[in-house]
Structure formats: C-alpha cells, structure tokens
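What follows is one structure encoded as structure tokens, with my remarks underneath.
The values are calculated or read from the model by the stated rules, or taken from the named source; none is laboratory data. Not measured: the values here are computed from a predicted model. Here Cβ is always computed from backbone atoms with ideal geometry, including for glycine, and neighbour counts include all displayed protein chains. Quick note on the areas: whole protein, heavy atoms, side chains included, nothing else; ligands and nucleic acids left out. Shrake-Rupley method; radii C 1.70, N 1.55, O 1.52, S 1.80 Å.
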Amino acid sequence: MKFLTFCRFVGRLRRELDSGVRQALWKVWIGRMEPALRRYRKAARQGELAPPFLFLSITNACNLRCHGCWVVPESATRHLSPEIADALIETGKRRGLFFYSLLGGEPLLYPALWDLLERHRDCYFQLITNGLGITPGVAERFRLLGNVTPLVSLDGFASTNDARRGTGTFARVMEALDHLRRARVFFGVATTICRRNREEVLEDSYITELVRRGAMYLWYYILRPMGDPATASECLQAEEIVAVRRAILALRRRHPILIIDTYWDEKGRAICPAAHGLGFHIGPAGSVEPCPPLSAGCEVLTADGDPLATITGSQFLRDFARFVHERTRGCVIMEYPRELVGFLRAAGAKDFSGGRLFACLEAAPTLPSHHQPGIEIPENSFLYRFLKRRLFFGLAGYG
C-alpha cells in the first residue's frame, strides 16, 4: 500500500466508523493481538500448541445452497452447544486467547449467537456470513457490541456471484453492505477465487465498488475442491495462482482497503495455518479439526473440564502438522488428497462431514495450491510486511 493510499484508508477509518466500533477495534483487537502472538511463538519454540485464533462452526444450518460449499446440512440441524462454546471461550481467555471466527452454515441462524457475543465483550469475533440475515436492526446490534466484524461472502458481480450462490443473492448482499455502512460498522467481504471469476474479482472496478459500499477489508480465498467433486474443474492452475498473487500486490497499492491473503507470508512463501498451529476448527458437533474444509478429527469437546486443553493436547493435530510439513508448505487437501485419506484413517479420525469427506478426497484429482517453490513473490509494501507479522486477525504468526 502506497503512503497516500494508506492515508486514504486511515481517513476512511476516522470518517466511516462509529467511535465505539473504533475503540473496540483498537482496544480488543489490536491491544490483545501482540500478547497472543508472543504466547503463540513462545509455545511453538517449546513444541507446544497455543493458537492465537480459533474457528468455531456454530451451526450447520444455512439458508443457501452454494455450489462447491463443503457444508451440506444434514437432515437434522446441528448447533454447537452454547455450554461448550462458552466454556471454550472462558478457558481460552484465561490463556490469552481472545480471537474467534464464527462460521457455519450461516452463523446468524445460531439461536445463542447474541448471548455469546454479549457475554464475551472482551473478545473479538469475526462473523463469516452470507449476509442475507443482515437487516438494519442486525447491523445496529453489531455497532452497539463493537467487538464483531462481519465478513460477508461475495464472489463477483451479479451474474457471476448468483451463478454460485443463487439468483438474487448479489442484490441482497449489496443491501446488507449498505446496512453495515450506514451503521458505521467495521466489516469486510470474503471472495473465493476460481477460474470462472478470477479476472472479474481482481479488477479495480470490483474493489472500488466494495470501498464505495463501506467494506474496510477484502479477504481473498482460493477455491478448494470440497463438497461437489465437479468443483475441481473450477480450481486455479499453478500459473493462475501466481497471477493472483501478483494481482493482489498491485491492487494493494491502489485501493484504500485492506486486502488479506492469509495463505502467503511476508516473503511470499505458502503457509498452512493449521500446520503452523495458528488456528484450528471446531465443528458444530464439538469436533476438533485442523481447518474448516477438513471435517475430521479424533477429539470432541465437552463443557466439562478444560475444552482448550483438549485442543492444545491433541495428538491428532500434532500428527497432522508433521504430515503437512513432510510434504508441502501449501494445502494437502489439494496436493495430496489420497495420502491425506490414508493419514486420517491411520490416525483413527472420524468423518464429521456427514459421511462425504473420505469419498470426496479419494475421488479428488491432485491440484496445485499456493505453494510455488522457487517463484515466491515477497510483499512489496512495508505496511503489509508489518501486518503479516503482527495484525491479521490472529493468523499472523509468520515471522
């Protein structure tokens, strides 16, 4: 990000955010981030797990059926037990863990959501949502809480987005963004990049529209072939992934919005957050899993005792890290799907996807991921080098 672009972004923070939202952002998110990262790095040096961030899939319920989504609701809706969620966060806070990403399904359909957010005002939550449930009243509740940043899913302009997420969803997402902007909330947009939308979502016009709608950050993901096996044909090829990386670096210099790509470090090397112990995933059954697309694990949390200790003491998570590090810096789901199945079975991991995961991996082709040795592209901005090492929502323990 150029200096003038950075100044424009800071100006947006001052003009467009509610003062209480800004205060919570600085006090809770930024104020607690550095201690969390110090704790993580100290534990890593000692061979221990101390994740600075956790993903909680609080429900499998959803009001959309997006093409390629790995979450296919079962016949019976499943919600993460409020008692388990509360116990996990309480034990987490005692160990300096204050950052949680809530996802699903659709987290706004979780019956205990608002109670959870209200009880833990000293934590910072990222809420990954399709946006359909964001009304003016919901946006106002986010503003009053201050400790929540909605991350709204959007995969391009109307025709492109609606081809994946359903007719009319683009218009409804735009309404949701407008509600958040008017409420002066700190929010972002999550965009999954595939072959179909790659050029469109990396255009200046796409980002300009998001800035106009009030988004403060844009979080890019690369499509992973989970859910419908047909999505593998939409995954990026190696040269397209490199082109995405180059485009992101260029876009950052022109637009007053944070552009996040958590799967490359400041030197342009690939990184798997789970393999580095930066963050793990808890499924709606309380299952302890490496990451959201990989719904398999050996442990299940309970509200009794110390749920965080179950995570940090997981031999399965340690073995998964070794499995990844022996093969790649990138994504083993994409690069080694059949070896991954063998590892999961040997570890005694249970499939928490509803019975689809192992078959999906066995049928998956080998695909390139963001690990491109020899052609790494380092960050060309001092600001982003700093952010990658310090402040990206707890997934910043790269340095």
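Annotations for the structure displayed:
- In Å², nearest 10: area of Asp162 left accessible to a 1.4 Å probe: 30
- On the beta carbon distance between Arg41 and Thr366, with R0 = 25 Å, the FRET formula returns roughly 0.15.
- Computed from the Cβ-Cβ distance with R0 of 35 Å, the FRET efficiency linking Leu4 to Ala158 stands at 0.65.
- Per residue, the chain exposes 38 Å² of solvent-accessible protein surface, assessed with a 1.4 angstrom probe and all protein chains in place.
- Extended-chain gain in nm, criterion 0.36 nm per residue less alpha-carbon gap, Glu376 and Arg389: 3.0 nm
- Solvent-accessible area, 1.4 Å probe, carbon plus sulfur percent, for the chain: 53
- Formal net charge of residues neighbouring Ala349 (Cβ-Cβ distance under 11 Å; K, R +1; D, E -1): -2
- Pair Arg246, Leu64: separation of 7 Å Cα→Cβ label points (nm): 3.1
- Euclidean distance of C-alpha centroids, the range 5-71 and the range 174-221, integer Å: 17
- In whole percents, the pair-distance distribution calculated for the chain from its alpha-carbon pairs, binned every 20 Å from zero, is 28, 64, 7.
- Largest to smallest accessible area among Val10, Val242 [probe 1.4 Å]: Val10, Val242
- Taken as entire DSSP H runs, the helices of the chain that both span 20 Å or more between Cα atoms along their own long axis and average -1.0 or more on the Kyte-Doolittle scale are 169-183, 238-252.
- Loop-located chymotrypsin sites (Phe, Trp or Tyr not before Pro) across the range 245-346 with a Cβ neighbour count of 11 or fewer within 10 Å are lacking, with loop assigned by DSSP.
- For the chain, the Cys residues with no second cysteine's beta carbon closer than 4.7 Å are Cys7, Cys62, Cys123, Cys194, Cys235, Cys272, Cys291, Cys298, Cys331, Cys360.
- Spacing of the modelled spin labels on Arg94 and Gln237, each 7 Å from Cα toward Cβ, amounts to 5.4 nm.
- Label sites at Arg12 and Arg345, each approximated as a point 7 angstrom past Cα along Cα to Cβ, lie 4.9 nm apart.
- Residues of the range 141-159 with amide N under 18 Å of the 7 Å Cα→Cβ point at Gln23: 141-149
- For the chain: lysine pairs under 28 Å (alpha-carbon distance), excluding those fewer than 8 apart on one chain: 11
- The range 1-137 - share of DSSP beta bridges that are antiparallel (%, nearest 5): 10
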